[in-house]
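Everything below concerns the one structure shown next.
The values are calculated or read from the model by the stated rules, or taken from the named source; none is laboratory data. These figures come from a predicted structure and were not determined experimentally. Using ideal geometry, Cβ is built from the backbone for each residue, glycine included, and neighbour counts are taken over all protein chains shown.
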Amino acid sequence: MKIIKKIKNKKIALAYSGGLDTSFSIKWLKKKKAKVYAFYVDLGNHTKKQIKNIKKESLNLGAVRFKSINCKKKIIKEAFLALKTRAFNVYCGTGIYFNITPIGRVIISNAIYKELENYKINIWSDGSTYKGNDIERFFNYIESKNSKIVFYKPWLNKSFVKLIKGRKKMEKILKKKSKYSVDSNVIGNTYEGNKIENLNFNITKMNFILCNLKYNKKKTILKLKIKNGNVIKYNNIKKNIFYIINKICSKHNLGISDQIEDRIIGTKSRGIYESPAMFLFYNVYDRMISCLYNYDDIIFYRNNGIRLGKLLYFGRWYCKEAKIRKKVGIYYASKINGKIKIAIIYNNLFFLNTYVKKNKYKKKNSTMEGVYKENFSYIDRIGHLKISKINLDI
């Protein structure tokens, strides 16, 4: 690892989002006489018109080159990998954080690293702050690919920190004001900073990008087909399934989560998230996994996912442990073959029909109707109770 301070007349690859932090980074890097190559990774959060405006702004701020890289399909593919392996570690009540930003950082790092090679750039930069998680995520992914890449991070520069002190001054200089910071991609949105840092902040007053916090009185019926763990059909549609489900579920305000979580450095932070499609698919996989495996297998699968989610959250998605745990999760999910029918009423999911091949759920094993056909009798049950008594710690 090498973090440099001198960047005059040097080419720098900046992971550029068009947001406050990266926009100000261009301005700062230009002041330091660096040659900024702004690489914008399109994760489905902006329209073509918006991307054109982002390009225009980056060049106006001082970037010598702007390039947009389309990674919309790649992030959806990675999101399904996280869903199948249950790679989620942050839970608060019934809310789950689906690691939407960490997944995005994986894709961004991979995409921009290729551009470093194409443009023969050996300096990486981004707008992440020293108190957050992204600074380590980006570092881990780039360092693992090429240890000769050096890093210039504005927020690790003493003069930058002394000048800026925080985002309020950035907003004033760039004339950009926002109620909170937003990190957005096709699988969901992250809201943090400013007013959200106050735990008394009422999130029902937020303007979510996808959800509107209004009850949808219309009942929605969804039919999904899954083959070898992959969602291959929604009703009779085979393409753009994630986008369609995201739009449908957002109308029902599914997938909103308010989390108090640990950052990499151990401090607590507050994040508010919305990821409608991720929420629905998570519950679909959970339902079908429950039909396929016994209790011990399910606990093992879930615990494996929590640990894998932590590795993803901390920017270690490609470490040796993560590779092994991904194989485990994929194996479990690959056995899912079947169909499921769901009703969404208000913001609740109701499973109307669940069909899974090799389903362990057998009505005749649990019903009290027609007990003369049972696979085990009351006599067997008495024997089991006697055996259980041996293990009682009383």
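Numerical summary
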| item | result |
| --- | --- |
| Verdict on LYS30 being surrounded by fewer than 18 Cβ atoms within 10 Å (Cβ to Cβ), over 23 Å from ASN110 (Cα atoms) and outside the structural domain of SER109 (by TED's automatic domain parsing) | no |
| Residues of segment 108-127 satisfying the condition of being surrounded by 24 or more Cβ atoms within 10 Å (Cβ to Cβ) and either farther than 25 Å from ALA13 by Cβ or among the aliphatic types (A, V, I, L, M) (or both) | ILE108, ILE112 |
| Selected residue (criterion: modelled with the lowest pLDDT) from residues of segment 58-81 that are farther than 17 Å from ASN110 by Cα and of a type in the set (A, V, I, L, M, F, W, C) | LEU61 |
| Residues that are assigned to a loop (DSSP other than H, G, I, E, B) and buried (at least 17 other Cβ atoms within 10 Å of the Cβ), drawn from segment 63-84 | ALA63, CYS71 |
| Residue tally, condition touching a strand residue (DSSP E or B) at 6+ places or on another chain (Cβ under 9 Å) and buried (at least 16 other Cβ atoms within 10 Å of the Cβ), over segment 186-202 | 9 |
| Which listed residue is at pLDDT 95 or above, within 22 Å of LEU224 (Cα to Cα) and in the same structural domain as LYS227 (by TED's automatic domain parsing), from GLY305, GLY255 | GLY255 |
| Helices (runs of 4 or more DSSP H) (entirely within segment 85-172) containing at least 1 residues that are within 16 Å of the chain's Cα centre (by Cα) | 100-118, 134-145 |
| Residues of segment 1-33 classified as in a loop (DSSP other than H, G, I, E, B) and within 29 Å of the chain's Cα centre (by Cα), total | 6 |
| Boolean, ASN246 is on the phi > 0 side of the Ramachandran plot and crowded, with 18+ Cβ neighbours inside 10 Å | no |
| Selected residue (only one of TYR91, TYR119, TYR97, TYR130 is in contact with a Phe, Trp or Tyr (Cβ under 7 Å, 6 or more places away or on another chain) and more than 23 Å from LEU29 (Cβ to Cβ)) | TYR97 |
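Residue-by-condition table, conditions (1) of a type in the set (Lys, Arg); (2) buried (at least 20 other Cβ atoms within 10 Å of the Cβ); (3) at pLDDT 95 or above:
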residue: ARG263; (1), (2), (3): yes, no, no
residue: TYR273; (1), (2), (3): no, yes, yes
residue: PRO276; (1), (2), (3): no, yes, yes
residue: TYR282; (1), (2), (3): no, no, yes
residue: LEU292; (1), (2), (3): no, yes, yes
residue: TRP317; (1), (2), (3): no, yes, yes
